[in-house]
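Heads up: the structure comes next, in C-alpha cells.
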Amino acid sequence: MFFFFGPIRTQKYERKLEKRKRRRTKKKGKNLGKKLKFTGDYNSGEDRMSALPDELVVSIVSCLPLKEAVATSILSRRWKHVWKSTRTLNLFDTKFDLTRCHFLFLKREAKDEESREYVDWVNGVLQQHSSSTIERFRASFDIDRRFISSVDKWIKFAMNKRVQILELEFQLEYGPKEDIYAFPHKLLGLEEEPALELNHLYSSDTPRLHSCGNNIGFKFLKVIHFQCVDVTRQVLDYFLSHCPTLERLTVSCVRSLTDVRVVGPSIALKHLALMNCNGLKRIEVQDVDLVSFRYYGLEVEKVLLRNLPLLTEVSYTYVDWRKPIEIPFARLSCCLSQLEILKLDITQVDYNLNLVFPLLANLKQLELKVAEADYTNEGALLNVICFMKASPHLQILELKLVEFLRCPTRLKIRNTTKFSHRCLKVVNVVGYRGRIGAARHVMCLVKHAVALEKIVIDPVRHWISYPRETDRRIEEVEEEVQARVHAMEYLKVKVPSTIEFVCL
C-alpha cells in the first residue's frame, strides 16, 4: 500500500503564505499617514516633508498665499488642518481683486454683492483659524461702514492674536466718502472726544486719552497700514504711545484726520507715510528717530519737522497747481543737508532764475517728476540742472516724464549753464515717449555728467495704475513701441560708447 502526502503539504504551505500576505498588508495600512524617518538618501523616494516637525511645517505654510495654504489640506490627513495654524492671514484672493477690469465696470448692486461675499469668506476663514498668534493680518477689498460689525470683529481677532502687521485696505471707488469705515475708539478703550478748537488742535500738549477700562492693546504691532479707514488724532496717538515696537505707519484716504503729531524719543516710529489725507491742517514730527517720511496730497497749513537726526529719505508731493518749489524746501529745511534720497514732483513748477537752491550735501539718489513737452522747453531742464548743481554727491538720477496738464512758462535759452557733475553714475528716464523736450533732457545730462556710466530708457509710465497689464490702451502700447524705436535709432547713436545704453 502506498501513501502520498505531497498535495496535502502543498495546500498547507499555500495557506500559510496567504496568511503572511494578509498580515503584511495590514501592517502597511497601519503605517499610512505616519511620519517616515529620513534615512539620509535623497533618492529613496521617501516623503521627507512629512518627516519635518510640526513647527517647521506651519512656518512653511505661513509663507504661502492663503489660497495655496488651504490647498495643502488635500495632501494627507496630517496636512488637512495645517493651514488653520498659519501665522500669516493675507486675505487677498484674485477672485476678490479690485483691479479686475470687470469689477470696475460693475453696477453698484453687483459690487455690493461681491463685498458681502468677501466679508462672508473672511468670516469663515477666521472661524476656522486655530493658532494662538499671527504675524500678519491683511484685508483688502471695497468695504464701507455697512460692514462695521464684521470689521470690528476682524480687528478684535487680530488684537487677541497679538498681530504684528495690520493692513486694512478698504479701497472705495471714489475715495473717502461719508460711508467710509471708521476705526472704533471703543476697541482701544477710548471715549469719543468732542471736536477740538483750532487753538487746542495746535497745542503742544498731547490730548488726554480717556480709558473706558478696556485692557486690550496692540503692544506687539510693528506695521500699520490704513487705507480708506477713517482715523482721528486720538486713534493715532494711542497707537504711537501704546505700541512700543511700532516702526511703520501708513495712513491714506481719510477725511477726519486734521492733525498728526509724532513727538518724543519714546516713540519707536521709523517710517511715516500720509497720503490723500485732505483734511490735514498740521503735521508735527520732532525728537524721534524717523528714517523716512512720505507726504502726498493738498498743501498743509503748517508742517513742523525738527530734530530728526536719522531722517535720510523724503518723498514730498503736493497736488496744488502752480505752487513754487520753495515750499518743499521750506518744509524740509531742517533735514535737507542730511537727506540721501529725495523724491519731488515739479511738473507744475516754473523755472525761477533768481532762486538759490539749498545745498543737498549728502544726496545720493534724486527722483523728479517733470513735465514732458513737445517743444524745447528749457525751463524744466534748467530746474533739473539746478538740482544737480545743488547735489554734488548725487549718484542716481531718475526722471519721470509726465504728460503735461498745463503749459509751463516757455523758455528758450540757447546755452545752458556750463558745469560738470563728477559723481552722477546712473540716469533713469521713465515714461520716455520720444518728444523733443525729453530727448533734450537726455542729451543735456550726457553732456554735463562727465562720470556717467549707464542710461536706462523706460517708455512705460509705471506710476499710472492699470487694473492689469493687459488693460492698457492700445494707443498707449503703440506709443511705447514707437518710443523704443526712437530711443534706439535717435538717442543710442548719440550716446558715447563708454556709456551703457539700456532700453527696456
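The values are calculated or read from the model by the stated rules, or taken from the named source; none is laboratory data. Predicted, not measured: the structure shown is a model, and the values here were computed from it. Cβ atoms come from the backbone with ideal geometry, glycine included; neighbour counts cover every protein chain shown. These area figures cover heavy atoms from the full protein model, side chains too; ligands, DNA and RNA do not enter into them. Shrake-Rupley method; radii C 1.70, N 1.55, O 1.52, S 1.80 Å.
Relative to the present Cα-Cα distance, how much length would full extension add between THR133 and VAL495 at 0.36 nm per residue of separation?
Roughly 124.7 nm would be gained on extension.
Report, by chain and number, residues whose modeled amide H sits under 5 Å from the one on VAL319, excluding near sequence neighbours (fewer than 5 apart, same chain).
Here the answer is GLY297, LEU298, GLU299, since their amide H atoms fall under 5 Å of that of VAL319.
Longer than 31 Å from Cα to Cα, which of LYS389/LYS494; LYS161/LYS369; LYS302/LYS389; LYS222/LYS302 are they? Say none if no pair is.
Beyond 31 Å between Cα atoms: LYS161/LYS369.
Order the peptides 123-130, 241-248, 379-386 from the highest to the lowest mean number of other Cβ atoms within 10 Å of their residues.
Details: 123-130: 12.8, 241-248: 15.9, 379-386: 20.8.
So the order, starting with the most tightly packed, is 379-386, 241-248, 123-130.
Distances longer than 22 Å among the Cα atoms of the range 278-395: what percent of all pairs is that? Walk me through the intermediate numbers first.
Details: 2319 of 6903 pairs.
For the range 278-395, the fraction of Cα-Cα distances above 22 Å is 34 percent.
Output wanted: per-residue J couplings in Hz (rounded whole) for the range 184-189, from phi through Karplus 6.51 cos²θ - 1.76 cosθ + 1.60, θ = phi - 60°, x for Gly and Pro.
Whole-Hz 3J(HN,Hα) from phi for the range 184-189: x, 5, 5, 5, 9, x.
Check LYS369: other-chain or 5+ apart residues with amide H under 5 Å from its amide H, H built from backbone geometry?
LEU344, ASP345, ILE346, LYS400
Assuming 0.36 nm per residue, please report the length gained on full extension of the stretch LEU353 to ARG422 beyond their Cα-Cα distance. The partial results should precede the final answer.
Details: separation 69, 0.36 × 69 = 24.84 nm, distance 2.39 nm.
The LEU353-ARG422 span can extend by a further 22.4 nm.
Cα centroid distance between the range 423-451 and the range 266-328, in Å?
The range 423-451 and the range 266-328 have Cα centres separated by 29 Å.
Please give the length that would be gained between SER292 and ASN123 if that part of the chain were fully extended, namely 0.36 nm times their separation in residues minus their C-alpha to C-alpha distance (nm, one decimal). Display every interim value, and only then the final one.
On the way: separation 169, 0.36 × 169 = 60.84 nm, distance 3.55 nm.
Full extension of this stretch gives 57.3 nm more.
How much accessible area does LYS454 have with a 1.4 Å probe, in Å² rounded to the nearest 10?
70 Å²
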